[in-house]
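The values are calculated or read from the model by the stated rules, or taken from the named source; none is laboratory data. Since this is a predicted model, take the numbers as computed values, not measurements. Neighbour counts are summed over all protein chains in view; Cβ atoms, including those assigned to glycine, are modelled from backbone coordinates with ideal geometry. To get the accessible areas, we keep the full protein, side chains included, count just its heavy atoms, and leave off ligands, DNA and RNA. Shrake-Rupley method; radii C 1.70, N 1.55, O 1.52, S 1.80 Å.
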Amino acid sequence: MSTPNTFDQYASEYDATVQAAINASGESVAFFAELKAKLARELAPASTSCVLDFGCGIGNASRALAGQFPRAKVVGVDPSQESLDAARAKSPRDIDFVQQPDDRLPFDDGHFDLAVAACVFHHIPAGEQKGWLDELRRVLRPGGRLVLFEHNPLNPLTRRVVNAVPFDKDVVLLRRQEAVRLMRGSGLEIRDSKFYFFFPRALAALRVLERFMGWVPFGGQYLVVGER
């Protein structure tokens, strides 16, 4: 993954840095975290009691997931100690934040019902992506699901946002079909795959149409759901 030092130095200003880049959307960092958590809730196994936020950073998605899964245990994992310190300071005590070793997830096999990777994999070198997907599959119970969210490189506004974020410098965005291929290669069965976030806040009234537009490859982001 991106070295922990990359995110250590941005932990205290992560939200402000991302917010400056996404202002044109009219939405906030919190909005996108909540949107991902809501989508994950819709796609999760029926009985989800333990949720992993992979690459949790300062815990934005972890807190949103805790709100969507009030009866589940939420665990965030990340290699950046500064980010984890910030996550703990911002979050309820019932969310656990764990530092991630370089080559594995520090959890037993089959520990989680649901894992979420919220725009993490474009920070992982291409040669390491399958290894981390193998690890995510390992820590899922049979029937557990991974929901992978990523930026859509086919959307020019998304590419503009990514280029404006300093810790996204030189990243290579994954196309949806590549994410699908990687997940299948790790033994995950694809259960869903779609694009989302087509309309900025100024056109929010049109968002009711998005449920019919998941196949259109111009949403700002996409998701892929894999099941163990």
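Brief remarks follow.
- Long-range HN-HN contacts of residue 193 with modeled amide H, under 5 Å: 225
- Scaled radius of gyration (Cα, divided by 2.2 N^0.38 Å) that the range 15-141 gives: 1.02
- Percent accessible area from carbon and sulfur atoms, the chain, protein chains only, probe 1.4 Å: 51
- Too-long pairs where the Cα-Cα distance tops 28 Å, listed order kept, from 38/73; 90/130; 73/130: 90/130
- Here is how the number arises for the chain: DSSP H runs of 4 or more residues each give -39500 (n - 2.57), the sum is divided by the residue count, and the result at 222 nm is -10500 deg cm²/dmol.
- Dipole size of the range 108-227 about its Cα centre, with +1 on Lys/Arg Cβ and -1 on Asp/Glu Cβ: approximately 500 debye, rounded to the nearest 20.
- Accessible area in square angstrom per residue, the chain, 1.4 angstrom probe: 48
- Modelled this way, with points 7 Å down the Cα-to-C-beta line, the labels at residue 19 and residue 94 are 2.8 nm from one another.
- The phi-based Karplus calculation (6.51 cos²θ - 1.76 cosθ + 1.60; θ = phi - 60°) puts the 3J(HN,Hα) values of the range 133-140 at 5, 4, 5, 5, 4, 4, 7, 7 Hz, whole numbers, x for Gly and Pro.
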